[in-house]
Amino acid sequence: MEEPGYEVLDISGDVGLKVRGETLEELFINGALGLYSLVTDLSRVKPEKSINVNVYSESIDGLFVSWLNEIIFQFDTYGFIGREIEIESLNENRIEAKLKGEDFDPDRHEKGLLLKAATYHNLKIEKRNGVWTAEVIFDI
């Protein structure tokens, strides 16, 4: 089984993710999947419907945080939980993606953490030796 492109960071009072990707697209996909894995068991989510997500920011740091916060917004507002992410367009200021998943069903989906927001606190995004990494902390 392939190792996920993220790991959970245990931070006192909050939770974080360390995300990896060989490309910027993979970094953003793994960030989204890591976030969703904090919310529920992804193996129980079916890619039954899709939504489009478009985010703009002035910097790559801002784009990553805004991307994760848009995903949290879609879950909090509409109950949408994704399992598959397709990046349609990505540069350092804009991301356009299609997220495939379904509406959260408490009878089928295990309830994980309730994430309030991705934060800029101790945010790190860098490319080293051809690999992108990011560390992000969430308010819970």
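Structure notes:
- Helical mean residue ellipticity (222 nm; -39500 (n - 2.57) per DSSP H run of 4+; nearest 500) of the chain: -8500 deg cm²/dmol
- Residues Glu96 and Tyr120, FRET efficiency given R0 of 25 Å [Cβ-Cβ distance, rounded to 0.05]: 0.65
- Reducing region 107-140 and region 49-94 to their Cα centroids gives an inter-centroid distance of 13 Å.
- Under the criterion of Cα pairs below 8 Å and six or more residues apart, the relative contact order for the chain equals 30 percent.
- Tilt relative to the chain, helix 24-39 - C-alpha long axis, 0 to 90 degrees, to 10: 40
- Put a dot 7 Å past the Cα of Leu113, heading toward its Cβ, do the same for Arg44, and the two dots end up 1.9 nm apart.
- Structure note, pairs Lys18/Lys116; Lys49/Lys98; Lys46/Lys98; Lys49/Lys116; Lys46/Lys124; Lys49/Lys111: Cα-Cα distances above 22 angstrom occur for Lys49/Lys116; Lys46/Lys124.
- Multiplying the residue separation of Thr133 and Ser89 by 0.36 nm and subtracting their alpha-carbon distance yields 13.9 nm.
- Among (1) 15.0, 45; (2) 14.0, 44; (3) 20.6, 68, the entry derived from the coordinates for Rg and Dmax of the Cα atoms in Å: (2)
- 0 to 90° range, to nearest 10: angle between helix 60-78 axis and the chain longest Cα axis: 10
- Taking a Cβ cut-off of under 12 Å around Phe75, the surrounding Lys, Arg, Asp and Glu residues balance to a net charge of -2, with basic ones at +1 and acidic ones at -1.
Every read-out reported here was derived from the displayed coordinates using simple, explicitly stated rules and does not represent laboratory data. Not measured: the values here are computed from a predicted model. For neighbour counting, all protein chains shown are included, and Cβ atoms are generated from backbone atoms with ideal geometry for every residue, glycine included.
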